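The values are calculated or read from the model by the stated rules, or taken from the named source; none is laboratory data. Everything numeric here is computed off the predicted structure, so don't read it as measured data. Neighbour counts are summed over all protein chains in view; Cβ atoms, including those assigned to glycine, are modelled from backbone coordinates with ideal geometry.
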Number of protein chains: 4
Amino acid sequence: MPKLGMQPIRRKQLIDATVAAIHAHGFAEATVKQISARAGVSSGIIHHYFGGKDALLAATMRSLLTDLQRELVARLAAAETPQARVEAVIDASFAPDQFSGAVQTAWLSFWAQTPHSPTLSRLAQVYLGRVRSNLRASLRALVSDQRAAEIADGLAAMIDGLWLTAAVSPTSIDPETARRRARDYIDGQLALERAAGPSRDRDETADGVAGAA
Amino acid sequence: MPKLGMQPIRRKQLIDATVAAIHAHGFAEATVKQISARAGVSSGIIHHYFGGKDALLAATMRSLLTDLQRELVARLAAAETPQARVEAVIDASFAPDQFSGAVQTAWLSFWAQTPHSPTLSRLAQVYLGRVRSNLRASLRALVSDQRAAEIADGLAAMIDGLWLTAAVSPTSIDPETARRRARDYIDGQLALERAAGPSRDRDETADGVAGAA
Amino acid sequence: MPKLGMQPIRRKQLIDATVAAIHAHGFAEATVKQISARAGVSSGIIHHYFGGKDALLAATMRSLLTDLQRELVARLAAAETPQARVEAVIDASFAPDQFSGAVQTAWLSFWAQTPHSPTLSRLAQVYLGRVRSNLRASLRALVSDQRAAEIADGLAAMIDGLWLTAAVSPTSIDPETARRRARDYIDGQLALERAAGPSRDRDETADGVAGAA
Amino acid sequence: MPKLGMQPIRRKQLIDATVAAIHAHGFAEATVKQISARAGVSSGIIHHYFGGKDALLAATMRSLLTDLQRELVARLAAAETPQARVEAVIDASFAPDQFSGAVQTAWLSFWAQTPHSPTLSRLAQVYLGRVRSNLRASLRALVSDQRAAEIADGLAAMIDGLWLTAAVSPTSIDPETARRRARDYIDGQLALERAAGPSRDRDETADGVAGAA
DNA sequence: TATGAATGAGGATTCATTCAT
DNA sequence: AATGAATGAATCCTCATTCAT
């Protein structure tokens, strides 16, 4: 008599083992044998539950994105002002569960793989689109539509850059500092708005740093 | 006597082919056969000139970083004010030669590989250290030492994040827009300084977005 | 569940195929492909069961030495006098199973490889030590300790030389003749002892052939 | 203007380098690049002077055998009695120039390769035939034709076995000891002749060790 | 005479996948 | 449901050989 309900347990085991294996040995070196050994099961089981290695990798990326999304949704639900909603995005991005060794390395590996896998690429685009549209919607309550789009893109890039820094130099940044850098960006952009006046867009032809001095 | 002086020619050929192969097929799929075919030479030549695949990959990353460094040095040499020096870093990062498809993908691949290769990691750390210390030195002329460090870190993260965005969604960003986002960040941080007054640091305990509104 | 207990079967298959391949094509030409084809299995299986070619070669040498050792132990157990024990060593060395084409060629190949492989060297030293100490112990019942050591070394060299002759010129010697040559040596040394008197060692400063004539 | 008379110089350089390379790394690992580097010349030169690696190896074995033969001829020329001629063979075999590390290892490597190379095999057979017929001729002056053949074979095997011992366990035997073991053999066989009487062959049906006790 | 650049076949090894049990 | 035996294609690398200079 087969054990019942093993599927969700095994799938989670294997996905966790995949993240750990990528962290420990790298994306290309995360072999089926490595992952299954780490999960304490046989190598054949991966094909039983996922159909193949590629599907396991896709499921793992989906799992990482889902965790992040869950974190984000929970915080957005509790946010009542536009500012709080922007901050919720920042806080979700640097929540301790997400912003930690194994997850960062795996995340960076998937990002690097994205351009060469339609499946992973699709997952990434959906996620990126959701974050940006969330940010834009919140920012529209504070600035013009155009500036909202620009600041949303800038904040998304800043968050990604801070993640990348953490993945490449884990000791050089902690979640609290990362959060502060992201808030600095928003604060700075809003300060520019106040200085320019509420009804005008930032001049896209300005000379940048020199002009601001 | 055989043809002399082929070494630099072949090495450049092979490094260029490696960047192209990573862009076209991904880091793990950039095989010796792929790369040598793309360079129009035999596979054995890679071992003749580099000793092995790993050394070719390291040389390729070194080459990418050197190109970026050369771009940066040239622009810094022409910059006369602190503001111009900060802008030089931004402009070098998004110079057309660097900020293009193949280079971005390869760059992201190397970044993802960094945690699993001491050689690549060392190269990355050296580069990151140089950029940050350059930025800090320039910014110290404009703001306090602490703020200079913070803004340098933030700008570096922003630049990296914009690169990552470009690598993952090549159609979503162009060099000019990327440059503008990075300048926005600097402009914003300087605006915050003016608002806070020249002699005071940003309050590290502030509540972020909500507090800045 | 998969087929169980295949390991000892496959290992023996592969070791036998290795001996045959060395005999047929030489040590360096005993490739993984050759061996696996001869065993009727795929090439990957060697790494599954042995971990690599080197380990297979070491296991093969170990197997050859174990067979010889088994032959020797069986004969020693049946020998009741010192003379019979010496003869047991000779008979074991030239037993039909051992003293045959494939085994001889493989044996010689391993001997030649010994100086360049710590693993093989260790195996060889253990075997050589065992044979010599066996012979010495038996001979001590017949002659002085010093002469026992000398005759043991001489007999061991004679046996090895006869093996080498058989490996290099298989048609020039048969097991019975080889056995006779080895016995001649022992008979001769014991005859010298009788001629010199039981209480005296052979004079190590003697002039050799000329002096004995 | 090409350098004149380079051929013999280069050939000797390369043959010496081959012996050294075999000693240092083993027969299969003695690559063209290794050998040419050791000789201080380019790899292409081997094909220029020998036509290929196999021919270089054959020339090297021929060189080793020629050296041994020269040693033997010189000593035989000085020997005036049958006993002295037998001793000359022994002394030539263990002459310091021959009985040393690199030569032994190389010699053993060639012996092991012999069964798989018609060229090497032919060289070996010629050499073996010469030594044996020399020994037989000398011994016929001392014992019956049949015994001369037997003792010649036995002595040849003993010499080869002592070489093999030296190659496998270089520290366990020195030339002087080796020479003594070989002389012991001859002394013993001649002692048996005296005991049996000058006109009778050794009884080929004797029980060996037991019978001699 | 001599070089070393260049080739490509062949080596050991790794690995995702299949499948009988 | 689960195993691990077995496969064979693909990878990196080595190497004897060729050849233009």
Please work out which residue is nearest to C:S133 (Cα to Cα), limiting yourself to the range C:67-85 and to residues that are in contact (Cβ under 8 Å) with a residue 24 or more places away in the chain and touching an Asp or Glu at 6+ places or on another chain (Cβ under 8 Å). C:E71
Taking the residues in the range B:95-104 that are part of a helix (DSSP H, G or I) and either among the hydrophobic types (A, V, I, L, M, F, W, C) or touching a Ser or Thr at 6+ places or on another chain (Cβ under 8 Å) (or both) as candidates, determine which candidate is farthest from the other protein chains (Cβ to nearest Cβ). B:V103
If A:L14 satisfies all but one of (1) away from chain B (no Cβ under 14 Å); (2) out of contact with any helix residue (DSSP H, G or I) (no Cβ under 8 Å at 6 or more places or on another chain); (3) closer than 22 Å to A:L120 by Cα; (4) within 15 Å of DNA strand F (Cβ to nearest atom), what's the number of the condition it fails? (2)
Among the residues of the range C:30-62, which ones are surrounded by 13 or more Cβ atoms within 10 Å (Cβ to Cβ) and farther than 16 Å from C:Q7 by Cα? C:A30, C:T31, C:V32, C:Q34, C:I35, C:A37, C:R38, C:K53, C:L57, C:A58, C:M61, C:R62
Of the conditions (1) out of contact with any Leu (no Cβ under 6 Å at 6 or more places or on another chain); (2) within 10 Å of another protein chain (Cβ to nearest Cβ); (3) free of Cβ contacts under 8 Å to residues at least 12 places away in the same chain, B:S109 clears all except one; give me its number. (3)
Which number in (1) free of Cβ contacts under 8 Å to residues at least 12 places away in the same chain; (2) part of a helix (DSSP H, G or I); (3) within 28 Å of D:S117 (Cβ to Cβ); (4) within 12 Å of DNA strand F (Cβ to nearest atom) marks the one condition that C:A28 misses? (2)
Every residue in the range C:63-96 that is more than 29 Å from C:L190 (Cα to Cα) and either of a type in the set (S, T, N, Q) or surrounded by fewer than 17 Cβ atoms within 10 Å (Cβ to Cβ) (or both), please. C:S63, C:T66, C:D67
For the range C:18-33: of the residues being small (G, A, S) and near DNA strand E (Cβ under 9 Å from one of its atoms), which is farthest from the other protein chains (Cβ to nearest Cβ)? C:A30
Within the range D:31-58, which residues are of a type in the set (D, E, K, R) and more than 10 Å from DNA strand F (Cβ to nearest atom)? D:R38
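Within the range B:40-50, is there a residue that is under 20 Å from B:A167 (Cβ atoms) and of a type in the set (A, V, I, L, M)?
Taking the range B:40-50 as the starting set, the residues that turn out to be under 20 Å from B:A167 (Cβ atoms) are none.
Looking for residues that are under 20 Å from B:A167 (Cβ atoms) and of a type in the set (A, V, I, L, M), one finds none in the range B:40-50, hence no.
So which residues in the range D:90-111 are β-branched (V, I, T) and farther than 17 Å from D:S172 by Cα? Steps first, please.
So the first thing to find is which residues in the range D:90-111 are β-branched (V, I, T), and the list is D:90, D:103, D:105.
Hit for the range D:90-111 is D:I90, nothing else.
Of all residues in the range C:46-62, which are among the aliphatic types (A, V, I, L, M), within 11 Å of DNA strand E (Cβ to nearest atom) and either closer than 23 Å to C:Y127 by Cβ or within 14 Å of chain A (Cβ to nearest Cβ) (or both)?
The first filter runs over the range C:46-62 and keeps only residues among the aliphatic types (A, V, I, L, M), leaving C:46, C:55-59, C:61.
With the extra rule that they be within 11 Å of DNA strand E (Cβ to nearest atom), the set shrinks to C:46, C:55-57.
Matches in the range C:46-62: C:A55, C:L56, C:L57.
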Any hit, the range D:2-11, residues being modelled with pLDDT of 95 or more and surrounded by 18 or more Cβ atoms within 10 Å (Cβ to Cβ): no
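If we keep just the residues of the range C:34-45 that are of a type in the set (A, V, I, L, M) and more than 10 Å from DNA strand E (Cβ to nearest atom), which is farthest from C:I90 (Cα to Cα)? So that I can check it myself, show each step before the final result.
As a first pass, look at the range C:34-45 and keep what is of a type in the set (A, V, I, L, M): C:35, C:37, C:39, C:41, C:45.
Those still in the list that are more than 10 Å from DNA strand E (Cβ to nearest atom) too: C:37, C:39, C:41.
Working: C:A37: 36, C:A39: 32, C:V41: 37 Å.
So the residue we want is C:V41.
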Given (1) among the small types (G, A, S); (2) free of Cβ contacts under 8 Å to residues at least 60 places away in the same chain; (3) touching a Phe, Trp or Tyr at 6+ places or on another chain (Cβ under 9 Å), number of the condition A:G5 does not satisfy: (3)
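Of the residues that sit in the range B:77-94 and are within 14 Å of chain A (Cβ to nearest Cβ) and aliphatic (A, V, I, L, M), which one is nearest to B:R181 (Cα to Cα)? Give the steps one after another, and end with the answer.
If we filter the range B:77-94 for residues that are within 14 Å of chain A (Cβ to nearest Cβ), which is where we start, we get B:78-94.
Next, only the ones that are aliphatic (A, V, I, L, M) stay: B:78-79, B:84, B:86, B:88-90, B:92.
Values: B:A78: 23, B:A79: 21, B:A84: 16, B:V86: 14, B:A88: 15, B:V89: 14, B:I90: 10, B:A92: 14 Å.
It comes out as B:I90.
Quick one: how many residues across the range D:105-119 are farther than 14 Å from C:L164 by Cα and surrounded by 18 or more Cβ atoms within 10 Å (Cβ to Cβ)?
Of the range D:105-119, the ones farther than 14 Å from C:L164 by Cα are D:105-106, D:116-119.
Now narrow it down to the ones that are surrounded by 18 or more Cβ atoms within 10 Å (Cβ to Cβ): D:105-106, D:116.
Counting residues in the range D:105-119 that are farther than 14 Å from C:L164 by Cα and surrounded by 18 or more Cβ atoms within 10 Å (Cβ to Cβ) gives 3.
Among the listed residues B:A21, B:A92, which satisfies the condition of being within 26 Å of A:A167 (Cβ to Cβ) and without any contact (Cβ under 8 Å) to a residue 24 or more places away in the chain?
After ruling out the rest, the residue left standing is B:A21.
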